[in-house]
Amino acid sequence: MIRIIDAAFVTTATRPDQYPREPIPEVAFVGRSNVGKSSMINTLANRNKLVRVSNTPGRTRTLNFFDVTLENKAKKRPIRLCDLPGYGFAKVSKAEREQWETMIGTYLEERHTLKVVVAIIDAEVGPTEDDMHMLDVLNDMPPRILVAATKIDRLAKTKRQNRLNSLTQQLELPPGAVLGFSSTDKLGVEQVWGTLLDIIG
Ligand SMILES: Nc1nc2c(ncn2[C@@H]2O[C@H](COP(=O)(O)OP(=O)(O)OP(=O)(O)O)[C@@H](O)[C@H]2O)c(=O)[nH]1
Ligand SMILES: [Mg+2]
């Protein structure tokens, strides 16, 4: 049983000199704009309004860091979460897209405390071409990858397992590698935390 003891916003950053410096194991959340990254952080942190969520795609424009303290098997563990701006949002200029690529690319390459990237896909829609490209990029980097299929609440209960299996096949991952998640229905929270803690060690 994993319990959240504390969760707090730390800071916003666009460049490495603005990243928080404490050597806390970090987990970053990537995915298409509007896929549900910020919602997933709120759900994992068991807070409604830790991170801003909105219906307007492209809401998150900077790197946003949050500190969470977990209790697992009577042990307290600090973990830092980083919410990243989404990709694949049509209404951005070329300059904005290039800024995004630099900001995210620099973060993924230079963030030594980054242990895991949660690659979020939409259980109903994904994986899109952009998702596949992101996963290719992540595959060549040191952090481990956890693939989560969110908004699984939108699928009929009887279809969820089949959908997860076919997403796993499409992504050529081992069975069980794609975890189902829903922020609305709070599904998959224990599995995602369990996997994150296993990887972080
Ligand atoms: N049904 C359902 N809706 C969700 C879920 N998670 C998020 N949403 C909705 O999806 C929309 C986008 O959620 P966000 O968490 O802001 O998505 P984001 O990936 O952070 O978006 P950007 O910051 O724009 O990249 C909101 O309207 C949420 O309420 C979910 O698990 N199920
Ligand atoms: Mg967001």
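Looking at segment 142-158 only, could you name the residues that are modelled with pLDDT of 95 or more and either farther than 20 Å from D131 by Cβ or within 16 Å of ligand 2 (Cβ to nearest atom) (or both)?
Listed by number, the residues that qualify are A148, T150, K151, A156, K157, T158.
If T43 satisfies all but one of (1) in contact with a strand residue (DSSP E or B) (Cβ under 7 Å, 6 or more places away or on another chain); (2) modelled with pLDDT of 95 or more, what's the number of the condition it fails?
(1)
Given the residues T102, T184, T195, T158, which is the only one that is out of contact with any strand residue (DSSP E or B) (no Cβ under 9 Å at 6 or more places or on another chain), part of a helix (DSSP H, G or I) and within 30 Å of T14 (Cα to Cα)?
On the way: T184 fails: part of a helix (DSSP H, G or I); T195 fails: out of contact with any strand residue (DSSP E or B) (no Cβ under 9 Å at 6 or more places or on another chain); T158 fails: within 30 Å of T14 (Cα to Cα).
Criteria check complete, one pass: T102.
Checking the condition more than 16 Å from ligand 2 (Cβ to nearest atom), buried (at least 17 other Cβ atoms within 10 Å of the Cβ) and not hydroxyl-bearing (S, T, Y), which residue from L173, L164 passes? Spell out the reasoning first.
Working: L173 fails: buried (at least 17 other Cβ atoms within 10 Å of the Cβ).
Matching residue, one of L173, L164: L164.
Quick check on my filter: what residues within segment 8-45 are closer than 25 Å to T184 by Cα, away from ligand 2 (no atom under 14 Å from the Cβ) and loosely packed, with under 15 Cβ neighbours inside 10 Å?
Selection gives A8 alone.
Test of understanding: among T69, T60, which residue is touching a residue at least 24 places away in the same chain (Cβ under 8 Å), at negative phi and within 13 Å of ligand 1 (Cβ to nearest atom)?
On the way: T69 fails: within 13 Å of ligand 1 (Cβ to nearest atom).
The match here is T60.
The values are calculated or read from the model by the stated rules, or taken from the named source; none is laboratory data. Please read these numbers as outputs of a predicted model, since none were measured by experiment. Here Cβ is always computed from backbone atoms with ideal geometry, including for glycine, and neighbour counts include all displayed protein chains.
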